[in-house]
Amino acid sequence: MDGVSRFSVSIPHDLLGKFDMYLKEKRYQTRSEGIRDLMRNALIAEEWDDPAAEVMGTISIVYDHHTRELDEKLKEIQHAHYEGIISTTHVHVDHHNCFEVMLVRGRADAIRKIGNMLISARGVKVGRITLLSTGKNI
């Protein structure tokens, strides 16, 4: 860190107690570490709100690979957007279900579009876009 600023915050006792329990569960050593992470997460969410911002993240899906034409549809989407999908990991969960995680990087609007197309494909049971940052702005 280039420098450190100290500041005080007024917080209701019950909220601080809940925050302290949160920090303990997450294994934070200090309140400062927890507050820094919460601040960074808020700034990352702001980055993702800017359609033109360069962002990184993951798109995760669980799907039934027996769904007619789903494998081809997922491959088609991924190939059409190869510039945003850095890497894909595919796991066979059981006889019917597969889990895929795609590392993505690009403009926020493009990454959301790719994620929404994959998640909304017929046969995808659950999906999530995880928002991360390139770290340049935080």
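What is the Å³ per residue value for the convex hull set by the Cα atoms of the range 92-138? Hull volume over Cα atoms, normalised by residue count, gives 78 Å³. Provide the FRET efficiency to the nearest 0.05 for the residue 88-residue 137 pair, computing r from the beta carbons and using R0 = 25 Å. Computed FRET efficiency for residue 88 and residue 137: 0.40.
Derived scalar couplings between HN and Hα for the range 86-103 equal 7, 7, 9, 10, 10, 10, 7, 7, 7, 4, 10, 10, 10, 10, 10, 10, 10, 7 Hz in order, rounded to whole Hz, by the Karplus curve 6.51 cos²θ - 1.76 cosθ + 1.60 (θ = phi - 60°), x for Gly and Pro. Here the Karplus curve 6.51 cos²θ - 1.76 cosθ + 1.60, taken at θ = phi - 60°, turns the phi angles of the range 7-12 into couplings of 8, 10, 9, 8, 9, x Hz, with x standing for Gly and Pro. Helix content alone sets the calculated 222 nm mean residue ellipticity of the chain: runs of n ≥ 4 DSSP H residues at -39500 (n - 2.57) each, divided across all residues, give -13000 deg cm²/dmol. Please identify which residues in the range 103-138 have an amide N closer than 13 Å to a label point set 7 Å out from the Cα of residue 46, following the Cα→Cβ vector. Answer for this model: 137-138.
Mind scanning 75/113; 75/125; 75/136 and naming the pairs with a C-alpha gap bigger than 25 Å? In this structure, 75/136 lie more than 25 Å apart at Cα. Stokes-Einstein diffusion of the chain at 10 °C, 1.306 mPa s viscosity, Kirkwood radius from Cα pairs, rounded to a whole number: 91 µm²/s. Take each peptide in 84-93, 112-121, 6-15, count the other Cβ atoms within 10 Å of every residue, and average; sorted highest first, the result is 112-121, 84-93, 6-15.
Coordinate-derived values only; no laboratory data. Everything numeric here is computed off the predicted structure, so don't read it as measured data. Because the Cβ atoms are built from the backbone with ideal geometry, glycine has one as well, and the counts that use them run over all protein chains shown.
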